[in-house]
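Heads up: the structure comes next, in structure tokens.
The values are calculated or read from the model by the stated rules, or taken from the named source; none is laboratory data. Since the model is a prediction, treat every value here as computed from it, not as a measurement. For neighbour counting, all protein chains shown are included, and Cβ atoms are generated from backbone atoms with ideal geometry for every residue, glycine included. In case anyone asks, the SASA skips ligands and DNA or RNA and just uses the protein heavy atoms, side chains included. Shrake-Rupley method; radii C 1.70, N 1.55, O 1.52, S 1.80 Å.
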Amino acid sequence: MANLVYFDLETQKSAAEVGGWKNKQEMRMSIGVTYSTASGRYQIYDEARAGDLIRELTRADQIIGFNILNFDYEVLHGYSPLNLRDYPTLDLMTDLESKLGHRLSLESVATATLGAPKIADGLQALQWWREGNLLAIAEYCCFDVKITKELHEYGRAHGQVAYLDRFGQRRVVKVNW
């Protein structure tokens, strides 16, 4: 059985605090979460364990996430000389963008496909970081990993996922995950 590792992270700083989106490596990881199909378990990593997180990702048969190529990996590149893009990755957002010609939010796809809206957002996670509430960040990040896993599984099983367009209309897009 292949070891699929679902992954998400939150940061300590916003893009504005580090001089823009070009400086993602400087945003620093607050919490990272994985779910491994091999172990059947979630794993929570704080910044001190970023190396362990990277090690788990590099050992996966496939890494799956939502916007991980252009965000999460870039943040993690601040902790390792490895180019995580060299490892087998399925970025659900990037795949959907290539089919539709525009980006979708995890909220849009999760709500339309699973009826499961997100429980918070990255700005709330930054506030929790400032308050020292790592447990809230970990719970939020675990929930996003669970939603990503369920979206991927739904797409594999049904060959499609749904999303809400900019007018709030439910649309369907075919996927080959």
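If I go through segment 52-89 residue by residue, how many of them are part of a helix (DSSP H, G or I), open to solvent by 40 Å² or more (accessible area, probe 1.4 Å) and in contact (Cβ under 8 Å) with a residue 12 or more places away in the chain?
Result for segment 52-89: 3.
Does residue 99 meet the test of being among the basic types (Lys, Arg), closer than 14 Å to residue 9 by Cα and modelled with pLDDT of 95 or more? Steps first, answer last, please.
Working: among the basic types (Lys, Arg): yes; closer than 14 Å to residue 9 by Cα: no; modelled with pLDDT of 95 or more: yes.
So residue 99 fails the test.
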Working carefully through the options 164, 123, find the one that is touching a residue at least 24 places away in the same chain (Cβ under 8 Å), hydrophobic (A, V, I, L, M, F, W, C), more than 21 Å from residue 41 (Cβ to Cβ) and open to solvent by 70 Å² or more (accessible area, probe 1.4 Å). 123
Single residue of segment 98-120 satisfying the filter (without any contact (Cβ under 8 Å) to a residue 60 or more places away in the chain, open to solvent by less than 60 Å² (accessible area, probe 1.4 Å) and part of a helix (DSSP H, G or I)) that is nearest to residue 138 (Cα to Cα): 106
Failed item, numbered, when residue 49 is tested on (1) open to solvent by 50 Å² or more (accessible area, probe 1.4 Å); (2) over 17 Å from residue 77 (Cβ atoms): (2)
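Applying the selection to segment 129-145, what residues are touching a residue at least 60 places away in the same chain (Cβ under 8 Å) and either open to solvent by less than 60 Å² (accessible area, probe 1.4 Å) or under 17 Å from residue 108 (Cβ atoms) (or both)? Let's see the steps before the verdict.
Residues of segment 129-145 that are touching a residue at least 60 places away in the same chain (Cβ under 8 Å), as a first pass: 129, 134, 137-138, 140-142, 144-145.
Once the filter is applied, which keeps residues that are touching a residue at least 60 places away in the same chain (Cβ under 8 Å) and either open to solvent by less than 60 Å² (accessible area, probe 1.4 Å) or under 17 Å from residue 108 (Cβ atoms) (or both), segment 129-145 yields 137, 138, 140, 141, 142, 144, 145.
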